[in-house]
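Just below is one structure, and these are the notes that go with it.
The values are calculated or read from the model by the stated rules, or taken from the named source; none is laboratory data. Remember, it's a predicted structure, so these values are computed and weren't measured experimentally. Methodologically, a virtual Cβ is constructed for each residue, glycine included, from the backbone with ideal geometry; neighbour enumeration extends over all protein chains shown.
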Amino acid sequence: MAISFKNAFGLHEQGMLLREQRTVLLADNIVNADTPGYKAKDLDFKVALANAQERQSTPINRTHEKHFEISTSSRSEVKFRLADQTDTGDGNSVDIHRERNAFTENSMEYQSSMQFLNSKIGGLRKALGGQS
Amino acid sequence: MSLYRVFDIAGSGLSAQALRLNTTASNIANAESVSSSLDTTYRGRHPVFAAQYDQALGQQNGAGVQVLGIVESDAPLTTEYNPSHPLADENGFIYKPNVNIMEEMANMISASRSYDANVQIADAAKQMLTRTLSLGQR
């Protein structure tokens, strides 16, 4: 069996990039918890991961520097959160507790992806080193 | 890497909340600053926050919070008849600021909680980055 780094890492690579993107979105929500008129946003992870998978299977490479950069992502991944409380008085739809929970959850999931990658790398290292 | 942007975002939140704490401190400190005319009386100050967006990437990519400016409260000032006060005007009135101490205390607690939340965000991002940078090390 050939050692393929791409197969070894699988979807975790894409997953981590999405987790990173979600971290930025959630951080933005928490920072704007006191901003009038701000609407909380979040990543639709299912759609985003499906898009990422599609990108991985049909990558569009630029073979010339003057080619346009085409992104296959439809940018529909980022959506506004449905507010629990419809009227907060200033049009802000951030629920700080919910956002902080989501942030913690997201960073734990990021770390578990990291753990998987670490073990994969450990396995590959073992395979490359052989038994001496 | 976009995780570095979390530091910029959390940083913008920290400075905005620090400014809010500053105005609250100023309001509480000046809550009893009496004056002899309506024009020179201290008025409560409050910062106005607005979401900041990444200009290159549009509305979906937030880049933190910005302070648009500081507005003075237009709530009515308290007028008190106190002719023996050294600052009383010719009719014997002194003017007190329109600062509500209760509101300011609540505002202060809210600002310091938000500040805490922002610090924790930066801390979590730092941990995630440290773990990423040590990926694959034995």
> How many residues, within the stretch B:80-115, are surrounded by 16 or more Cβ atoms within 10 Å (Cβ to Cβ) and over 16 Å from the mean Cα position of the chain (by Cα)?
Replying inline: 7
> Does B:S110 satisfy the criteria of being within 14 Å of another protein chain (Cβ to nearest Cβ), of a type in the set (S, T, Y) and over 16 Å from A:D28 (Cβ atoms)?
Replying inline: yes
> Is the stretch B:42-62 home to any residue that is modelled with pLDDT under 90, buried (at least 19 other Cβ atoms within 10 Å of the Cβ) and over 17 Å from the mean Cα position of the chain (by Cα)?
Replying inline: yes
>> For a quick check of your reading: which strands (runs of 3 or more DSSP E) sit entirely within the stretch B:32-138 and have at least 3 residues that are out of contact with any helix residue (DSSP H, G or I) (no Cβ under 6 Å at 6 or more places or on another chain) and farther than 30 Å from A:H97 by Cβ?
In response: B:78-81, B:93-96
>> Can you say whether B:L129 is out of contact with any Cys (no Cβ under 6 Å at 6 or more places or on another chain), farther than 19 Å from B:D8 by Cα and modelled with pLDDT under 95, as far as the supplied structure shows?
In response: no
> Got a number for residues in the stretch B:1-31 being farther than 30 Å from B:R131 by Cα, aliphatic (A, V, I, L, M) and assigned to a loop (DSSP other than H, G, I, E, B)?
Replying inline: 1
> What residue, of B:R43, B:R20, is touching a residue at least 12 places away in the same chain (Cβ under 8 Å) and within 14 Å of chain A (Cβ to nearest Cβ)?
Replying inline: B:R20
> Out of the stretch A:99-132, which residues are closer than 24 Å to A:D42 by Cα, more than 8 Å from chain B (Cβ to nearest Cβ) and touching a residue at least 24 places away in the same chain (Cβ under 8 Å)?
Replying inline: A:E99, A:A102, A:N106, A:E109, A:S113
> Does B:K126 fit the bill of being within 14 Å of chain A (Cβ to nearest Cβ) and basic (K, R)?
Replying inline: yes
>> I need the full set of residues from the stretch A:15-37 which are facing chain B (nearest Cβ under 7 Å) and either without any contact (Cβ under 8 Å) to a residue 12 or more places away in the chain or among the basic types (K, R) (or both), in order please.
In response: A:V24, A:V31
> If you scan the stretch A:88-132, which residues turn out to be within 18 Å of A:S4 (Cα to Cα) and surrounded by 13 or more Cβ atoms within 10 Å (Cβ to Cβ)?
Replying inline: A:F116, A:L117, A:N118, A:K120, A:I121, A:L124
> For A:G89, which of the numbered conditions (1) within 14 Å of chain B (Cβ to nearest Cβ); (2) at pLDDT below 85; (3) under 17 Å from A:L17 (Cβ atoms) fails to hold?
Replying inline: (3)
>> Given the criterion aliphatic (A, V, I, L, M), farther than 20 Å from B:A117 by Cβ and either touching a Pro at 6+ places or on another chain (Cβ under 8 Å) or not in a loop (DSSP other than H, G, I, E, B) (or both), identify the matching residue among A:M114, A:M108.
In response: A:M114
